[in-house]
Amino acid sequence: ANKALLGYGWAALSAQFYTESLRPWQALVNRDPLDANVQEALLALPYSLEKLQKNAQALIAYQGAETHFNLALSQVSN
């Protein structure tokens, strides 16, 4: 399911449906931070927000990605 959500987001982005690409990626970012699809969505989401010129939201999303990546690192090191 995670791979399908990620792919759906990329398909929407490639068709320049930036708002549509947000939905699957927003669903993914709340899942297991160790999943590669989730990690990719964490960076794709703010990219799409930048395309929509929502720079403040993109910055918040990048900061959220940093938090998730730090969480994943702490889980791996334990």
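The slack between Arg23 and Ala36, meaning 0.36 nm per residue of separation minus the straight C-alpha distance, is 2.9 nm. For the chain, adding -39500 (n - 2.57) for each run of n ≥ 4 DSSP H residues and dividing by the number of residues yields -26500 deg cm²/dmol at 222 nm.
About the centre of its Cα atoms, the chain shows a dipole size close to 160 debye [charges on the beta carbon of Lys, Arg (+1) and Asp, Glu (-1) only; nearest 20 debye]. Per-peptide packing, taken as the mean over residues of other Cβ atoms within 10 Å, places 48-58, 34-44 in the sequence 34-44, 48-58 from highest down.
Relative contact order of the chain, taken over Cα pairs closer than 8 Å and 6 or more residues apart, is 25 percent.
For a label point 7 Å from the Cα of Leu71 along Cα→C-beta, name the residues of region 11-39 whose backbone N is under 18 Å from it. Only 24-39 pass the distance filter.
Note that the chain carries a Kirkwood radius of 12.4 Å, evaluated over its alpha carbons pair by pair.
Label sites at Glu50 and Ser14, each approximated as a point 7 angstrom past Cα along Cα to Cβ, lie 2.0 nm apart.
Just so you know, all these numbers are worked out from the coordinates, no wet-lab data involved. Keep in mind it's a predicted model, so treat the numbers as computed, not measured. So basically every Cβ, Gly included, is an ideal-geometry build from the backbone, and we count neighbours across all protein chains shown.
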